[in-house]
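Below is one structure; the comments refer to it alone.
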């Protein structure tokens, strides 16, 4: 019996991997990156802020696996610890923007007079390029992790609002919604119990793309000097500090850029996989 029970489990796992290879690959890469971020102190790293001018701009070697930067700091340790910043920014922005945008979109899509006001505000925010709005917000406040998250969340919220609003508009006239209103279901319960579950699938897909976009935007802000403070090692800060020395030390940009590319690729793979998995037409083909 145990052997027979184990075979169906292995068969089900293999079927899931075969049907959704992009989710499997993206999840494998993300699991590895999260493990690297969590166990950074135990992966043969040193203090990422320790300065050693004698070993400045050294190429990758047995002593310094990724080489050193212009201050002699170990680039391997800085890249490993920098993964924490990028992952935290991506997850935090995705959660906050999705939560705020979903709540606003639910109300805007169901209450007509709120929709007329809120969507004009959202249109105004979307008219301004997200990177310019983030830079302006960072210029008005003190650089910190929380400020970076807020600066990236604000341009991302309108995208979630428009998505949820479109779902609500398509569901508002459905019979099950009218039946819930007829029996006197309270407004908040109607939105959260009957309408929100139908918007979860597109929200999950959009949240993954927002996570990837947030990590790229954080790197851009840090590269421009408007992101996290230099005291916090991040991939954007590492590339920003090393761009003047790229002609003699290409590894300063190469390794953090490679890790950022892999992270964004993994998140996008997850997003594409979830989109295919949650699409009923794709499920029928599989």
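The values are calculated or read from the model by the stated rules, or taken from the named source; none is laboratory data. Keep in mind that what you see is a predicted model, and the values were worked out from it rather than measured. Counting neighbours? That spans all protein chains shown, and the Cβs are built from the backbone with ideal geometry, glycine included.
Take the conditions within 15 Å of residue 145 (Cα to Cα) and modelled with pLDDT under 80 and apply them to residue 227. Does it pass? Before the answer, list the steps.
Details: within 15 Å of residue 145 (Cα to Cα): yes; modelled with pLDDT under 80: yes.
Here the answer is yes, as residue 227 does meet what is asked.
Taking residue 120 as the residue in question, decide whether it is out of contact with any helix residue (DSSP H, G or I) (no Cβ under 9 Å at 6 or more places or on another chain), part of a helix (DSSP H, G or I) and modelled with pLDDT of 85 or more. Break it down stepwise before answering.
Numbers: out of contact with any helix residue (DSSP H, G or I) (no Cβ under 9 Å at 6 or more places or on another chain): yes; part of a helix (DSSP H, G or I): yes; modelled with pLDDT of 85 or more: yes.
So residue 120 fits the description; yes.
Got a sec? Which of 142, 159, 120 is surrounded by fewer than 18 Cβ atoms within 10 Å (Cβ to Cβ) and under 28 Å from residue 232 (Cβ atoms)?
Values: 159 fails: surrounded by fewer than 18 Cβ atoms within 10 Å (Cβ to Cβ); 120 fails: under 28 Å from residue 232 (Cβ atoms).
Step by step, each of 142, 159, 120 is checked, and only 142 is surrounded by fewer than 18 Cβ atoms within 10 Å (Cβ to Cβ) and under 28 Å from residue 232 (Cβ atoms).
Regarding the range 134-153, can at least one residue be identified that is under 22 Å from the mean Cα position of the chain (by Cα) and within 24 Å of residue 198 (Cα to Cα)? I'd like the intermediate steps shown before the answer.
Going residue by residue through the range 134-153, those that are under 22 Å from the mean Cα position of the chain (by Cα) are 134-138, 143-153.
The next check asks that each one be within 24 Å of residue 198 (Cα to Cα); those that pass are 153.
Yes, because at least one residue in the range 134-153 is under 22 Å from the mean Cα position of the chain (by Cα) and within 24 Å of residue 198 (Cα to Cα).
Which count do you get for residues in the range 45-67 that are free of Cβ contacts under 8 Å to residues at least 24 places away in the same chain and either within 26 Å of the chain's Cα centre (by Cα) or not in a helix (DSSP H, G or I) (or both)?
Taking the range 45-67 as the starting set, the residues that turn out to be free of Cβ contacts under 8 Å to residues at least 24 places away in the same chain are 51-56, 58, 61-65.
Still in the running and either within 26 Å of the chain's Cα centre (by Cα) or not in a helix (DSSP H, G or I) (or both): 51-52, 56, 58, 61-65.
So the count comes out to 9.
Looking at 184, 227, 273, can you tell me which residue is assigned to a loop (DSSP other than H, G, I, E, B), in contact (Cβ under 8 Å) with a residue 40 or more places away in the chain and either in contact with a strand residue (DSSP E or B) (Cβ under 8 Å, 6 or more places away or on another chain) or closer than 30 Å to residue 161 by Cβ (or both)?
Among 184, 227, 273, only 227 is assigned to a loop (DSSP other than H, G, I, E, B), in contact (Cβ under 8 Å) with a residue 40 or more places away in the chain and either in contact with a strand residue (DSSP E or B) (Cβ under 8 Å, 6 or more places away or on another chain) or closer than 30 Å to residue 161 by Cβ (or both).
Sort through 212, 219, 266 and tell me the only one that's at pLDDT 85 or above and more than 25 Å from residue 129 (Cβ to Cβ). Reasoning before the result, please.
Numbers: 212 fails: more than 25 Å from residue 129 (Cβ to Cβ); 219 fails: more than 25 Å from residue 129 (Cβ to Cβ).
So the residue among 212, 219, 266 that is at pLDDT 85 or above and more than 25 Å from residue 129 (Cβ to Cβ) is 266.
Can you name every residue in the range 136-165 that is part of a helix (DSSP H, G or I) and more than 18 Å from residue 210 (Cα to Cα)? Please lay out each step first, then the result.
Here is the first cut: in the range 136-165, the residues part of a helix (DSSP H, G or I) are 136-140, 145-165.
Answer for the range 136-165, where residues must be part of a helix (DSSP H, G or I) and more than 18 Å from residue 210 (Cα to Cα): 136, 137, 138, 139, 140.
Limited to the range 242-262, what total is found for residues that are in contact (Cβ under 8 Å) with a residue 40 or more places away in the chain and either assigned to a loop (DSSP other than H, G, I, E, B) or touching a strand residue (DSSP E or B) at 6+ places or on another chain (Cβ under 7 Å) (or both)? Break it down into steps so the answer makes sense when it comes.
Quick first cut of the range 242-262, residues in contact (Cβ under 8 Å) with a residue 40 or more places away in the chain only: 242, 244-245, 248-249, 251-252, 255-256, 259-260, 262.
Narrowing the set further to residues that are either assigned to a loop (DSSP other than H, G, I, E, B) or touching a strand residue (DSSP E or B) at 6+ places or on another chain (Cβ under 7 Å) (or both) leaves 248-249.
The total comes to 2.
Considering the range 31-44 alone, what residues qualify as being outside any loop (DSSP other than H, G, I, E, B) and either exposed (fewer than 11 other Cβ atoms within 10 Å of the Cβ) or on the phi > 0 side of the Ramachandran plot (or both)? Break it down stepwise before answering.
The first filter runs over the range 31-44 and keeps only residues outside any loop (DSSP other than H, G, I, E, B), leaving 31-38, 40-42.
Scanning the range 31-44 gives a single hit, 42.
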